[in-house]
Amino acid sequence: MANWTIKNVSFRGVTGTVPNHPVKTSDIPLFTQEEADTFDQTVGIRNRYWASEDICTSDLCADAAERLIAALDWEKQSIDVLLFVSVTPDYKTPPTSAILQDRLGLPNSTFVLDIPMGCCGFMYGINVAGNLLSAGTAKRALVLIGDTAARMGSKNDKSRLPLFGDSGLAIALEYDETASDIFIDMNTSGDGYSALMTPHGGYRHPVTAESFIEEDFGHGIIRAPKDALINGMDVFAFAISKPVKSMKALLEEKSVDTEKDVDYFLIHQANKLIVDRIVKKLKLNPEKVPYNLQKFGNLGGASIPMIMCSEIAEDLQKRPLSIVGSAFGLGLTWATIMFKTTPMKVLPLNLL
Amino acid sequence: MTNLEKLDKIFVEVFSCKKEELGPDFNKDNVGTWDSVHQLSLTSSIEDDFDIMLDVEDIIGCTSYEAVKEILAKYEIEL
């Protein structure tokens, strides 16, 4: 079953936190100034925020969650669901969502779950939390999405290091019988798993001394098996084909006019070349497609909610909006989401 | 400007190389800066300047100067 319809769930708020450490492309030692300029122009990522070693994703998410709970004036005892959507947990075990339940002072009755799904994390988080809320058994959910993905890879991998930024986002969802339906199309192609992976560190290949031996793959790519890797062309081929088909199919199924019925298309900010191509392929009005990759880089699953915070916050707070989102990443997975919002809390971004 | 001049200009701009370097040996294996980002930048510029939309397979296939010329022929771009 690829398509999901979630009833009775409203977005109540969103905010984000990033580490107080902005990094320009020219600050990265792997680049000459000329190379940095070329990267900025072609990939479109001029700045990103990188966490220091002592800051985890959960720290960023906890800050965002505390501020959002306070702004919504939610009693902590009223929160039923806490999801932590991330590939950078505090530990391999226990789940970080459990640690966050205690840290945020949520009740013992809170349903917690870690979801390590990468760039489609927003769709996974909304789908799981939405379905948990939909029946009305649970009334309020916090979906925390973030990563410190920059340090998952090698500092000597020019193909990966400059792409990612770190962040922690918090999204508040609530049971609401007047809410418009949320539609999600989700897909998986596990045969492409090796295009985006961290070879060592799991139980298939536990960390050994060999995991730290770096290899030079040419084209500025030096990494060890413990480091996350990206097979650039495989990922690109996937990213410009599958998500477009998913979006087209859902838009057609719901008879959506992309000009009249949609206020914004929020596309996972992988890099400018990919987003531009999706916009071109779907013939979308560029004015309806906000970008923030120039400020934050690729934020993984937090990419779409960060666009909500950084680019369309005023609109989200003032008027009802119709939004279509598209994401693609680890797995390989890809997804399209359609949802309507009513005026909601959007707090300014915080630096930690 | 002829189509070939247009194509050469794109290569020179994307790879910051000299026009004289372009030829049968100008390919992914011999050009140090030819990574996925440069390849995407190359195909993106080709699409914009020649007003075409390349298939995914052709984008992946743009791994040398000669291959690009062959692929452009498929889109009825005469060089």
- Item | For A:HIS268, solvent-accessible area (1.4 Å; no DNA, RNA or ligand), Å² | 0 Å²
- Task: Choose one answer from A:PRO305, A:PRO199, A:PRO19: the residue with the largest mean-square fluctuation in a GNM of chain A with alpha-carbon springs under 10 Å.
- Result: A:PRO199
- Query: Got the relative contact order for chain B handy, in percent, Cα pairs under 8 Å and 6 or more residues apart?
  - Reply: 34 percent
- Item | Using a Förster distance of 60 Å, the FRET efficiency for A:SER78-B:THR2 (Cβ separation, nearest 0.05) | 0.30
- If you take the accessible area of A alone, add that of B alone, and subtract the area of the pair, what total do you get in Å², probe 1.4 Å, to the nearest 100? 1500 Å²
- Note on the structure: From the cross-link list A:LYS245/A:LYS280; A:LYS242/A:LYS283; A:LYS260/A:LYS288; A:LYS281/B:LYS69, the entries with a Cα-Cα span beyond 19 Å are A:LYS281/B:LYS69
- Determine the per residue accessible area of the range A:121-213 with all protein chains present and a 1.4 angstrom probe, expressed in square angstrom. 40 Å²
- Indicate the gyration tensor shape class of the range A:1-124 (rounded, prolate or oblate), computed on the Cα atoms with a ≥ b ≥ c the square roots of the eigenvalues: a/c under 1.5 is rounded; otherwise a/b larger than b/c is prolate and the rest oblate. prolate
- Roughly speaking, what % of Cα-Cα pairs in chain B are separated by over 20 Å, rounded to a whole number? 20 percent
- Note on the structure: At R0 = 35 Å the Cβ-Cβ FRET efficiency linking B:TYR75 and A:GLU287, nearest 0.05, sits at 0.75
- Query: How far, in nm, would the chain grow between A:TYR193 and A:ALA209 when pulled straight, counting 0.36 nm per residue and subtracting the alpha carbon separation?
  - Reply: 3.3 nm
- Task: Pop a pseudo-label 7 angstrom from the Cα along the beta-carbon direction at both A:HIS21 and A:ASN231 and give the gap in nm to one decimal.
- Result: 3.2 nm
- Task: Consider all pairwise Cα distances in the protein assembly as shown and report the whole-number % of them above 27 Å.
- Result: 52 percent
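Taking square-rooted eigenvalues a ≥ b ≥ c of the alpha carbon gyration tensor, is the range B:33-79 rounded, prolate or oblate, where a/c under 1.5 means rounded and, failing that, a/b exceeding b/c means prolate?
Details: a/c = 1.72, a/b = 1.41, b/c = 1.22.
Cα axes put the range B:33-79 in the prolate bin.
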- First compute the accessible area of the protein assembly as shown with a 1.4 Å probe, then give the percent of it belonging to carbon and sulfur atoms. 50 percent
- Query: Does a label point 7 Å from the Cα of A:ILE222, set along Cα-to-beta-carbon, have any residues of the range A:26-45 with amide nitrogen under 17 Å, and which are they?
  - Reply: A:28-32
- Message: When a/c reaches 1.5 or more, the comparison of a/b and b/c decides; with that in mind, is the range A:1-73 rounded, prolate or oblate per its Cα gyration tensor?
- Response: oblate
- Task: Rank B:GLU13, B:GLU21, B:GLU47 by mean-square fluctuation in a GNM of chain B with C-alpha springs under 10 angstrom and give only the top-ranked residue.
- Result: B:GLU21
- Task: Quick one: grab Rg to one decimal and Dmax as a whole number for the range A:112-181, Cα atoms only, in Å.
- Result: 15.8, 51
- Going by a 1.4 Å probe on protein heavy atoms, which residues of the range A:267-293 end up with at least 20 Å² less accessible surface in the whole assembly than in their chain alone? A:LEU273, A:ARG277, A:LYS280, A:LYS281
- Note on the structure: With the 8 Å Cα cutoff and a minimum separation of six or more residues, chain A has a relative contact order in percent of 27 percent
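The values are calculated or read from the model by the stated rules, or taken from the named source; none is laboratory data. What you see is a predicted model; the values in this text were computed from it and never measured. We place every Cβ from the backbone using ideal geometry, glycine too, and count neighbours over all the protein chains shown. Side chains are part of the model used for accessible areas, which takes the heavy atoms of the whole protein and leaves out ligands, DNA and RNA. Shrake-Rupley method; radii C 1.70, N 1.55, O 1.52, S 1.80 Å.
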